[in-house]
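**Student:** One structure, as C-alpha cells, below. Some questions next.
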Amino acid sequence: MPPIADWAAELATRERQGLLRRRRVLQSQQGPHVIIDGQHRLAFCSNDYLGLAAHPALTEALKGAADQWGVGSGASHLVCGHHQCHHDLEQALAAHTGREAALLFSSGYMANLGVIAALTGRGETILQDRLNHASLLDAARLSDARLVRYAHNDMGALKQRLESVDKPALVVTDGVFSMDGDLADLPAMAQLCQDHQVPLMVDDAHGIGVLGAQGGGVLSHFGLSPEQVPVLMGTLGKALGVYGAFIAGSQALIDYLVQKARPYIYTTALPPALAAATQVGLQLCRDESWRREQLTALVQRFRREAQGLGYELMPSATPIQPIMVGSAHEALRLSTALEEQGVLVTAIRPPTVPLGGARLRVTFSAAHTEAHLDQLLEALAKAREVVHGA
Ligand SMILES: *Cc1c(COP(=O)(O)O)cnc(C)c1O
C-alpha cells in the first residue's frame, strides 16, 4: 500500500489520464427517465434489462413481505436466518434453470468467490477467459489453486491449456461477456470440458431473464444440460430487478457448497422480503416474453442505425451494445456530448476494459420505447464528430 501522501498523487494521475472514477447520485427510480445529480436524463446504462427494478408488482411484494417477515434476516443461513422465502425462491430458481437445486448468495460477487474457492484447491488449476468478470478473477485469488487465462473465446487456446496445465480443476466463463455483450462459445466449451473430464462453470449474470425461452438464460439458449454445465451462477440484481445471486446445479453440488462455501456460510442471509420480491420478478420474467421481444427489436434497430452513422459496435446480439471509442479521453468526450443532449450513457475505461478499449456501454431495457431509441440515435448523430476514429 502506498503511504498516505501518495493517495492524492495517485488520484491526480488518474484524473490526468481520464481514468478517475466518479459516483453520480441517482435521485429517482431506476428506469429510462432518471434524475441524476439533479438533472433529468434519458438513461441507457443500467442492467435492469427487463424493466423490473421499479415495477409496482415488485415493490408491492416487497412491502407485503416486509410487513409479514420484517426487514433483517437476523442471522446467517446456517444459524437461524434461512427463512421460508429464501427456501421457496431457491426451489423456484432450480426449476427455472432446469437444475436439481439452487443456493442463494448475497451477491454475484460473493457467489463467485464462494463456489470457485470451494471447488478448487492447492496444486490445481482454474482456467478462465481473459475477459471474465472481475469477481471470477478475484475468486481465483481467494482459492489456493493457480489461475491460467486463455484468449477471449478462443477454443484452440482453451484446448491447448487443458492439455498442458497441471490438474485442470474447473473451467470458468461469463455466459454473456459483461463489457462486450458477446456470448461464450458454450457448445464447444462443453464438449472440450467433457473430453477432458473437467467441470464447466458459467456465470450467467447477463443471460438469466434475457436469453432462452422464458428467460431461462444462456444455457437454455444453447440447449445445454446440467451434465454439460454442472455449475451455473445467476444474479438477481440485473434482469430479475432485485438483488442477490444463486448457484444452481445438482443436489450434491449444493449440499457440498453449504458445507464449504465460506462466503455463503459466514455472512448474514439476504433480507427475506427481497427473496419474496424476487419471486414476483421471476414470475414476470417467465410470463411476459414481450419484454424479451422488445429488447430484440430495440437492439436490432440500434445496431443498424448506429452503424449507419459510422459508429463501431461489437458483435453482440444482447442488450449490451458497446460503442467502441479507444481512448479514455475520447470516451469521456462522447459521453459528455450525449449528456449535453439529455442522454446518459456511461463511459467504460481501463482497467475495467483493456487499454485502448474504452467505450460507451449502451444497455437496453424492455422499458425503453422506440421513441427513446429515436432520441438516443439523434444524440449520437449530433455527437458524431466528437469521435475521430469511429
Ligand atoms: C454483475 C456481475 C457479477 C456480480 O454480481 P452482483 O450481484 O452485482 O455482485 C458477476 N458476474 C458478472 C458477469 C456480472 O456482470
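**Student:** Tell me, please, whether a residue that is more than 16 Å from the ligand (Cβ to nearest atom), open to solvent by 60 Å² or more (accessible area, probe 1.4 Å), under 20 Å from Tyr264 (Cβ atoms) and touching a residue at least 24 places away in the same chain (Cβ under 8 Å) can be found in the range 153-165.
**Tutor:** no
**Student:** Inspect the range 182-190 for any residue being away from the ligand (no atom under 16 Å from the Cβ) and open to solvent by less than 20 Å² (accessible area, probe 1.4 Å) and give the result as yes or no.
**Tutor:** yes
**Student:** Of all residues in the range 227-241, count the ones that are open to solvent by 10 Å² or more (accessible area, probe 1.4 Å), in a loop (DSSP other than H, G, I, E, B) and either near the ligand (Cβ under 10 Å from one of its atoms) or among the charged types (D, E, K, R) (or both).
**Tutor:** Residues in the range 227-241 being open to solvent by 10 Å² or more (accessible area, probe 1.4 Å), in a loop (DSSP other than H, G, I, E, B) and either near the ligand (Cβ under 10 Å from one of its atoms) or among the charged types (D, E, K, R) (or both): 3 in total.
**Student:** Could we say that His133 is within 16 Å of the ligand (Cβ to nearest atom), surrounded by fewer than 19 Cβ atoms within 10 Å (Cβ to Cβ), modelled with pLDDT of 95 or more and closer than 13 Å to Thr173 by Cβ here?
**Tutor:** Criteria not met by His133.
**Student:** Please state which of the following conditions Asp138 fails to meet, knowing it meets all the rest: (1) under 30 Å from Val71 (Cβ atoms); (2) open to solvent by less than 30 Å² (accessible area, probe 1.4 Å); (3) within 12 Å of the ligand (Cβ to nearest atom).
**Tutor:** (2)
**Student:** Let me ask you something else. Give the residue, chosen from Gly175, Gly108, that is within 30 Å of Gly72 (Cβ to Cβ), touching a His at 6+ places or on another chain (Cβ under 9 Å), in contact (Cβ under 8 Å) with a residue 24 or more places away in the chain and buried (at least 21 other Cβ atoms within 10 Å of the Cβ).
**Tutor:** Result of the check over Gly175, Gly108: Gly108.
**Student:** Restricting attention to the range 254-274, does a residue exist that is among the hydrophobic types (A, V, I, L, M, F, W, C), in contact with a Gly (Cβ under 7 Å, 6 or more places away or on another chain), open to solvent by 20 Å² or more (accessible area, probe 1.4 Å) and not in a loop (DSSP other than H, G, I, E, B)?
**Tutor:** yes
The values are calculated or read from the model by the stated rules, or taken from the named source; none is laboratory data. Keep in mind the model is a prediction, meaning the values are calculated, not measured. With ideal geometry, Cβ positions are generated from the backbone for all residues, glycine too; neighbour counts draw on all protein chains shown. For the accessible areas, the whole protein counts, side chains as well, though only heavy atoms, and no ligand, DNA or RNA atoms are used. Shrake-Rupley method; radii C 1.70, N 1.55, O 1.52, S 1.80 Å.
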